[in-house]
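The values are calculated or read from the model by the stated rules, or taken from the named source; none is laboratory data. Just so it is clear, the model here is predicted, and its values are computed rather than measured. Counting neighbours? That spans all protein chains shown, and the Cβs are built from the backbone with ideal geometry, glycine included.
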Amino acid sequence: MEASLKENHNNTVRVRFAPSPTGYLHLGGARTALYNWLFARGQGGSFILRIEDTDLKRSEEGFTQQILADMKWLGLDWDEGPEKGGAYGPYFQSERKEGYDRYCQDLLASGKAYYCFCSPEELEARREEAEKAKAVYGYDGRCRDLSRDEVQRRLAAGDPAAIRFRVPVEGYTGFKDLIRKKVSVKNSEMDDFIILRSDGTPTYNFTVVIDDLEMKITHVIRGDDHISNTPKQILLYQGLGESPPVYAHIPMILGADGQRLSKRHGATAVSAYREMGYLPEAMINYLALLGWAFDDKQTLFTVSDLIEKFSLNGVSKKAAIFDPQKLTWMNGVYLRDIDPDRLLDLSRPYLEERFGAHFAEESHLRNVLAVVQARMKILPDVVDLTSYFWEDEITYAPEAKEKLMEDPNGINILSALQERFSMLKFFTHEALESACAELVSEMGIKFGVLAHPLRAAVTGRTASPGIFEILVLLGREKVLRRIENAIRFIKENK
């Protein structure tokens, strides 16, 4: 289906992501950007980034810069847009007003639009009257058929006027959606909607049509909360004598409670997940699966995989449920496979913030990261997972205290380990393993009986990577000192 629609448009696929800089990049917006980007890359088309900043009261330059930074972090590079330019700019709506005014005049001249002199106060009063009467409010069209002379007189008198689009009274306006299939609305159910406010600012439904038209957008892939806007936009295309793009409305992202994803469900901004230590490739993989599937058995996709396999035909009509735990699991999978150099670069800021700038030599840090990498789920985990390597004095977790105290023979075991370790010529994995095996045999105990108090003594916890790897990385001096401290702790707490 996608190929034939592309051919019908008779030119290269051009899609756009058009965020409003009134807040941070939301996970839902990021997924919309991703689907557009994947569609463009898979079809050999162009991905355009456009900033819809006509809401001057709420738009902020800081939000714009954060959106650009988040897009770059996710790897969603754009072919045209801010910082890159292009043949169909400018790519900020606030710089495109001249074009909107021109198209407004064209619609007025053709009779497809008309001046409306109803003030906001009058419209609000009518809405309240309709509510009292328990009637559905809609603009009553009282300015729709004003005479030319009346319009000119009121304009000359300086009466404030908005411009409304003249919606056909009869018939239907419908469109074929690549995901929703056929959507159709009675024209009688739509008001004559405003395209230019009385203060001269254009409305969303108008600007988006003009921008998409002038930027030669072939496919509009966006959230299904825009379905109600689409018939109005199609009417505008028809009023201008132009063909609309192909539409694909993707399902919303909901929280576990079935409500639209919001702050009450936790973090919703892409930048927040970056700060929490998630990897961009994990975010891309997870966001792609929020509403799309290639194979029910496959959950891990590289970006190349996604470009090759993504299709709008695979997008569900059903809303997607955001599961932070699944995202965290997926991030852990990516962290386990990450390049050691990159893991070092990403981990260092968290460790330096906690332990200082010179907490470890690079070679030693690399070795420590190698043994804890499989246990990391998000980047900040590295602080807790490695803390006992850098701290001079460790604190015993409650469960570690229990391990130290539960075996009446614990002091004897630790004392024997202390003696054997101090006598080793080389403090290596092989030598330590051999010494422990001999001690287990001599004392007639299982290895776990020895390993549990030893791990608690040297790490302060009951779970860690392999005990011999830990001992080697800690070094003989630190291990012996911690065993001595553990023996003292047991004696003092008997």
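The table below gives the values:
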quantity	calculated
Residue satisfying all of: in region 103-133; of a type in the set (Lys, Arg) and at pLDDT below 95; surrounded by the fewest Cβ atoms within 10 Å (Cβ to Cβ) among these	LYS132
Looking only at region 358-399, and only at residues there that are small (Gly, Ala, Ser) and in a helix (DSSP H, G or I), the one that is nearest to PRO280 (Cα to Cα)	ALA374
Residue within region 50-62 that is at pLDDT below 95, in a helix (DSSP H, G or I) and not hydrophobic (A, V, I, L, M, F, W, C) present	yes
Every residue from region 224-277 that is assigned to a loop (DSSP other than H, G, I, E, B) and hydrophobic (A, V, I, L, M, F, W, C)	LEU240, MET252, ALA256, LEU261, ALA267, MET276
Single match in TYR137, TYR100, TYR91, TYR114 (criterion: of a type in the set (Ser, Thr, Tyr) and over 41 Å from the mean Cα position of the chain (by Cα))	TYR114
Failed criterion for LEU254 (all others in (1) out of contact with any helix residue (DSSP H, G or I) (no Cβ under 6 Å at 6 or more places or on another chain); (2) modelled with pLDDT of 95 or more hold)	(2)
Tally, over region 400-429, of residues that are of a type outside the set (S, T, N, Q), in a loop (DSSP other than H, G, I, E, B) and touching a residue at least 24 places away in the same chain (Cβ under 8 Å)	3
Residues within region 162-175 that are in a strand (DSSP E or B) and either among the aliphatic types (A, V, I, L, M) or surrounded by 13 or more Cβ atoms within 10 Å (Cβ to Cβ) (or both), tallied	7
Selected residue [surrounded by fewer than 18 Cβ atoms within 10 Å (Cβ to Cβ) and more than 27 Å from ASN313 (Cβ to Cβ)] from GLY266, GLY277	GLY266
Every pair of residues 6+ apart whose Cβ atoms lie under 9 Å, when the first sits in region 310-331 and is under 19 Å from GLN373 (Cα atoms) and exposed (fewer than 14 other Cβ atoms within 10 Å of the Cβ) while the second is at pLDDT 95 or above and of a type in the set (Asp, Glu)	none
Subset of region 332-357 [under 17 Å from SER387 (Cα atoms) and not in a helix (DSSP H, G or I)]	GLY356, ALA357
Residues within region 72-95 that are among the hydrophobic types (A, V, I, L, M, F, W, C) and in contact with a strand residue (DSSP E or B) (Cβ under 7 Å, 6 or more places away or on another chain), tallied	2
Residues (among the acidic types (Asp, Glu), within 30 Å of GLU122 (Cα to Cα) and surrounded by 14 or more Cβ atoms within 10 Å (Cβ to Cβ)) located in region 180-219	ASP191, ASP192
Qualifying residue in region 464-485 (condition: at pLDDT below 95, polar (S, T, N, Q) and not assigned by TED's automatic domain parsing to the domain that holds VAL383)	yes
Residues of region 29-49 satisfying the condition of being more than 18 Å from the chain's Cα centre (by Cα) and either aliphatic (A, V, I, L, M) or part of a loop (DSSP other than H, G, I, E, B) (or both)	ALA40, GLY44, GLY45, ILE48
Some residue of region 137-147 being outside the structural domain of LEU287 (by TED's automatic domain parsing), surrounded by fewer than 19 Cβ atoms within 10 Å (Cβ to Cβ), more than 26 Å from LEU213 (Cβ to Cβ) and at pLDDT 95 or above	yes
Members of region 32-63 that are free of Cβ contacts under 8 Å to residues at least 60 places away in the same chain and among the basic types (Lys, Arg)	LYS57, ARG58
Flag if PHE426 is surrounded by 13 or more Cβ atoms within 10 Å (Cβ to Cβ) and over 45 Å from the mean Cα position of the chain (by Cα)	no
Sole exception among (1) more than 17 Å from PHE489 (Cα to Cα); (2) under 50 Å from the mean Cα position of the chain (by Cα); (3) assigned to a helix (DSSP H, G or I) for ALA457, by number	(1)
Members of region 334-363 found to be of a type in the set (Phe, Trp, Tyr) and in contact (Cβ under 8 Å) with a residue 40 or more places away in the chain, listed by number	TYR334, TYR350
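Yes or no, residue by residue, for (1) closer than 30 Å to ILE445 by Cα; (2) surrounded by 15 or more Cβ atoms within 10 Å (Cβ to Cβ); (3) not assigned by TED's automatic domain parsing to the domain that holds ILE445:
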site	(1), (2), (3)
GLU352	no, no, yes
ALA360	no, yes, yes
ARG366	no, no, yes
GLN373	no, yes, yes
ASN409	yes, no, no
LEU414	yes, yes, no
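Residues are listed down the side, and each one gets a yes or a no for (1) among the charged types (D, E, K, R); (2) farther than 21 Å from ARG366 by Cα; (3) surrounded by fewer than 17 Cβ atoms within 10 Å (Cβ to Cβ); (4) outside the structural domain of VAL371 (by TED's automatic domain parsing):
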| residue | (1), (2), (3), (4) |
| --- | --- |
| SER434 | no, yes, yes, yes |
| ARG455 | yes, yes, no, yes |
| GLY460 | no, yes, no, yes |
| ARG488 | yes, yes, yes, yes |
